[in-house]
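Scroll down for the structure; my scribbles are underneath it.
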Amino acid sequence: MAELVPAVEAVADLLIETFIRDGTLYTMGNGGSAADAQHLTGELVGHYKRDRRPLPAVTLTTDATVMTCIANDYAYDEVFARQVQALARPGDVVAAFTTSGNSPNVVEALATAQSRGAVTVLFGGGDGGAAAKHADHLLLAPSPETPRIQEIHTLMLHMISDKVDAWAAA
């Protein structure tokens, strides 16, 4: 984990800069990674440890109507990319959580985010899979095992939340 600290700090700084410029963080993931995405959003919109203003963050898995509409009318591979296309703007951050890095809907969303001028962050594992080539910032847990990757993702999102929380409360 020590080797990841500079990259984690850089993402926390990126989010602070984004919030200073009135940008928004959009998060996503599938299964347990969806829960991690919601966890980060909750820490930012609510709070981590300090009473402070809410910060603009949205998880793209939380609107069942939008997700099922896109999955039904287009394809499940587009459930995140279509939302990113509708919502993300230059100066926003799009962060994906994925243990494999190869979920087509995550890969497509990160590519769409980059084409829209948003900065992309990948919380992944191993080499980051196919999603890594569409990530401006890589936070890769050094393990091939899903449980270990998810545990490290939780630690990283808490480290990010703590730094952003401290800034927003100051």
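The values are calculated or read from the model by the stated rules, or taken from the named source; none is laboratory data. Predicted model, so just to flag it, every value in this text is computed and none were measured. Surface areas here come from the heavy atoms of the whole protein model, side chains and all, with no ligands, DNA or RNA. Shrake-Rupley method; radii C 1.70, N 1.55, O 1.52, S 1.80 Å.
Counting only protein heavy atoms, what percent of the accessible surface of region 3-169 is carbon or sulfur at a 1.4 Å probe?
Values: 3810 of 7240 Å².
Here carbon and sulfur together make up 53 percent of the probe-accessible area.
Taking amide H as placed 1.01 Å from N in the peptide plane, the amide H of residue 25 sits under 5 Å from that of 57, 58, 93, each at least 5 places away or on another chain. Can you tell me the relative contact order of the chain? Whole percent, Cα pairs under 8 Å, sequence separation 6 or more. Averaging sequence separation for qualifying contacts and normalising by length gives 26 percent for the chain. Whole-Hz Karplus values for region 90-96 come out as x, x, 7, 10, 10, 10, 10 Hz, taken residue by residue from phi with 6.51 cos²θ - 1.76 cosθ + 1.60 and θ = phi - 60°; glycine and proline positions read x.
Using the Karplus relation 6.51 cos²θ - 1.76 cosθ + 1.60 with θ = phi - 60°, the per-residue 3J(HN,Hα) values for region 48-54 come to 8, 10, 10, 6, 7, 5, x Hz, with x marking Gly and Pro.
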